[in-house]
Amino acid sequence: MIRIRYRGAVPAALLLAGLTLAGCGIRPTQVPVDAGPAPSRVPCEVSAGEVVPQAGRTAVPVQVYLVCASQLVAVDRTVATAEDKAASSRVREAQALVDELQQQPLPAEHEAGFVTWVRGPLVLADARSGDPDGTLRLNRQPEDLPAEALAQLVCTLMESTAATDGTVLLGGPGDWAPRAYTCPASVKERPESMVPTPAPEPSAG
């Protein structure tokens, strides 16, 4: 068996093969690869949004509940209540809040991950004869709304004059009796769990 040994310079063919392998981009390394920071979580925090009031309207700072990271989170808004003499001040205030929920989130809210499940048109009216005191009537049956949308409505209205004895009484356009809703911490954590409480007694009138 004949063994061939190279002395001195490496033959050009072997040098070329070595350069070819080096160009494949596969190089051993002991340094860990830095893939950058992990994706940041949705902050669910924004600065207060402002609404410029129209002529004949009064600006009022409020909080409304939007959905972020599958939970209800309060955001600051400034609403404009119309001087509608045909409706009570309580209904006007509640309607202004519902109108805010029907709007798409402000740019800063959108960037922070906020969404709204409330879709319009939703219009509120005063209680009917025989309804429990404090009832608000929607132009849609509350139970027909997505649970997340209903949770947004109830939790937002709970912090206004629409709430009565710690509940929000909502009815629809039909003959069904209004039902009471609350906004406990469990609903804020899981808005899809919104359900009515036992129905209140109707008023004597």
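The values are calculated or read from the model by the stated rules, or taken from the named source; none is laboratory data. Since the model is a prediction, treat every value here as computed from it, not as a measurement. Please note: Cβ atoms are built from the backbone with ideal geometry, for glycine as well, and neighbour counts cover all protein chains shown.
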Margin query: For segment 118-205, give me every one of the strands (runs of 3 or more DSSP E) that falls completely inside it and has 2 or more residues that are in contact with a Gly (Cβ under 6 Å, 6 or more places away or on another chain) and not aromatic (F, W, Y).
Written below: 136-138
Note to self: Suppose the filter is at pLDDT 90 or above, of a type in the set (S, T, Y) and on the phi < 0 side of the Ramachandran plot; does T156 pass it?
What the structure shows: yes
Next item on the list: Report whether or not V123 is among the β-branched types (V, I, T) and surrounded by fewer than 20 Cβ atoms within 10 Å (Cβ to Cβ).
Entry: yes
Checklist line | segment 132-171, residues that are surrounded by fewer than 18 Cβ atoms within 10 Å (Cβ to Cβ) and touching a Lys or Arg at 6+ places or on another chain (Cβ under 7 Å) | finding: T161
Next item on the list: Could you grab the pairs with beta carbons closer than 7 Å, sequence gap of 6+ or different chains, first residue in segment 139-158 and among the acidic types (D, E), second one surrounded by 23 or more Cβ atoms within 10 Å (Cβ to Cβ)?
Entry: E148/P191
Margin query: Looking at V60, V64, can you tell me which residue is of a type in the set (A, V, I, L, M, F, W, C) and modelled with pLDDT under 95?
Written below: V60
Next item on the list: State yes or no: is A94 at pLDDT 90 or above, small (G, A, S) and part of a helix (DSSP H, G or I)?
Entry: yes
Next item on the list: Might you let me know whether segment 98-110 holds any residue that is surrounded by fewer than 21 Cβ atoms within 10 Å (Cβ to Cβ), farther than 15 Å from Q63 by Cα, within 21 Å of the chain's Cα centre (by Cα) and at pLDDT 95 or above?
Entry: no
Checklist line | Failed condition for P132, given (1) under 22 Å from D99 (Cβ atoms); (2) touching a residue at least 60 places away in the same chain (Cβ under 8 Å); (3) not small (G, A, S) | finding: (1)
